[in-house]
Amino acid sequence: MADSEGLFAAYHQKVFKYFCRAVGGGDAARDLTQEVFLRVSRSQASVNGDGSPWLFRIARNLVLDHHRSRSRHPEPSALIHEVARPAHQDVSTAVNEAMASLPALDRDVFLMREV
């Protein structure tokens, strides 16, 4: 059986950062992070050595499911009022837009490497 507490302590921040980049952060990233560790705690699999490949495989599958679900049931757009933003938000927006333009596999490879 997987040591879910040890895996959580070692990887929850990294998994959350991955989800923030992959789904845009916020509640969805928190919910998906929670789902990863729920699945780990329910799993009967044993983890020998580094459990990060297994965790990130679960995380990647959840991201794919999340994107599939959103494409089937798109959320209505809310009106967004443009306000002056700090420069770092503009850079963050540009990075997120560039990542969104990548094919899914390339985006996943980039996120796995950088996050």
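The values are calculated or read from the model by the stated rules, or taken from the named source; none is laboratory data. Remember, it's a predicted structure, so these values are computed and weren't measured experimentally. Cβ coordinates were reconstructed from backbone atoms using ideal geometry, including for glycine residues, and neighbour counts include every protein chain displayed. Quick note on the areas: whole protein, heavy atoms, side chains included, nothing else; ligands and nucleic acids left out. Shrake-Rupley method; radii C 1.70, N 1.55, O 1.52, S 1.80 Å.
Here are a few things to note about the model shown:
- Area accessible to solvent at PHE110, 1.4 Å probe radius, in Å²: 90 Å²
- Once both labels are positioned 7 Å from their Cα atoms along Cα-to-Cβ, the gap between GLU35 and HIS12 label points is 1.9 nm.
- Region 1-49: radius of gyration and largest Cα-Cα distance (Dmax), Å: 11.3, 32
- Which of TYR11, TYR18 is most accessible, then next, and so on - probe 1.4 Å: TYR11, TYR18
- Across the protein chains, with a 1.4 Å probe defining accessible surface, the residues LEU38, LEU105, LEU111 rank LEU105, LEU38, LEU111 from largest area downward.
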